[in-house]
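What follows is a set of notes on a single structure, which appears directly below.
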Amino acid sequence: MQASFTESQKETIHRLFRSRRDVRQGFTGEEIPKETLEKILLAAHHAPSVGFMQPWNFIVLEDLEKRKKIHSLFQAAKKNERQHISAEKQELYDSLKLEGILESSINICVTCDRSRHGETGLGRSQQSNMDLFSTVCAVQNMWLAARAEDIGIGWVSIISAEALAKELNLPEYVEVVAYLCVGPVESFFEEPELEQLGWQERLDIQELIYFETWGQK
Ligand SMILES: Cc1cc2nc3c(=O)[nH]c(=O)nc-3n(C[C@H](O)[C@H](O)[C@H](O)COP(=O)(O)O)c2cc1C
């Protein structure tokens, strides 16, 4: 039987949830101690997964030349995304730092092996994306474990998954789920950067909770 958490442990866990940040700037470039990286990856590996499928892999990238290529994929994608940003927000968009591919210590690509343990396993006959969702759970565990270790993680999604898959030699049954910039950072912001810069406010939780049916408060 597992022990319950004490009040102070609960407080710490909730502090962790609130203090996790997506980090794009302030990476120091220092090496991540091996044991720390192992802890972060092990936290990911303890995520829930549909049918206990554990569909994830973690590709750790240190090589700067490779990362430069990936950075150019980001630049191309950002240029493309800019066209879809409303005119009044384009200036703010241009000023945003949306990745830390080269300044972070390492990058980690988290992938989902869609064929692990067979075509459709337990829990995926009706909702086939559950393996992808499981992999996202692993990413969240990494993010939280990293914050506890003062390691910043920034998720870069402004990048073509197809181009990334090609660059990383992924087999066709493996999908990119997350491309992460990982490393020690100078500090963590109190609030999301996008909130601080006026891009988007945190919504009121009370407005998001319905009872019994959609829209019923
Ligand atoms: C699936 C996903 C993709 C994201 N992609 C990017 C990205 O490409 N660039 C970026 O700057 N932030 C990205 N973010 C980070 C969000 O902007 C960030 O989580 C949000 O603003 C809230 O801030 P916080 O994570 O610090 O609480 C992504 C986050 C998620 C969950």
* Asked: Considering the range 113-143 alone, what residues qualify as being open to solvent by 20 Å² or more (accessible area, probe 1.4 Å) and within 11 Å of the chain's Cα centre (by Cα)?
  -> VAL136, CYS137, GLN140, ASN141, TRP143
* Asked: Say we look at the range 186-205 and pick out the residues that are touching a Leu at 6+ places or on another chain (Cβ under 9 Å) and within 9 Å of the ligand (Cβ to nearest atom); which of these is nearest to PRO33 (Cα to Cα)?
  -> GLU193
* Residues satisfying the stated conditions in the range 22-55, i.e. open to solvent by 40 Å² or more (accessible area, probe 1.4 Å) and either basic (Lys, Arg) or within 16 Å of the ligand (Cβ to nearest atom) (or both) -> GLN25, LYS34, LYS39
* **Selected residue (only one of SER105, SER86 is under 29 Å from ALA146 (Cα atoms) and of a type in the set (Ser, Thr, Tyr))** => SER105
* Just need a number here: residues in the range 56-79 that are without any contact (Cβ under 8 Å) to a residue 12 or more places away in the chain and within 13 Å of the ligand (Cβ to nearest atom). => 1
* To do: Kindly provide the set of residues from the range 171-191 that are farther than 14 Å from LEU73 by Cβ and among the aliphatic types (A, V, I, L, M), ordered by number.
  => VAL174, VAL177, ALA178, LEU180, VAL182, VAL185
* Inside the range 11-64, can you point out the residues that are aromatic (Phe, Trp, Tyr) and touching a strand residue (DSSP E or B) at 6+ places or on another chain (Cβ under 9 Å)? -> PHE27, TRP56, PHE58
* Selection status of LYS89, within 16 Å of the ligand (Cβ to nearest atom), open to solvent by 30 Å² or more (accessible area, probe 1.4 Å) and more than 22 Å from the chain's Cα centre (by Cα) -> yes
* To do: Starting from the range 193-216, take each residue that is part of a helix (DSSP H, G or I) and list its partners that are near the ligand (Cβ under 10 Å from one of its atoms) and open to solvent by 100 Å² or more (accessible area, probe 1.4 Å), counting only C-beta distances under 7 angstrom and pairs at least six apart or across chains.
  => LEU194/GLN200; GLU195/ARG202
* Asked: Can you name the residue in the range 144-185 that is hydroxyl-bearing (Ser, Thr, Tyr) and open to solvent by 10 Å² or more (accessible area, probe 1.4 Å) and, of all such residues, is nearest to the ligand (Cβ to nearest atom)?
  -> SER157
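The values are calculated or read from the model by the stated rules, or taken from the named source; none is laboratory data. Remember, predicted model here, so these are calculated numbers, not experimental data. We place every Cβ from the backbone using ideal geometry, glycine too, and count neighbours over all the protein chains shown. Accessible surface is based on the protein model in full, side chains and every heavy atom, while ligands, DNA and RNA are left aside. Shrake-Rupley method; radii C 1.70, N 1.55, O 1.52, S 1.80 Å.
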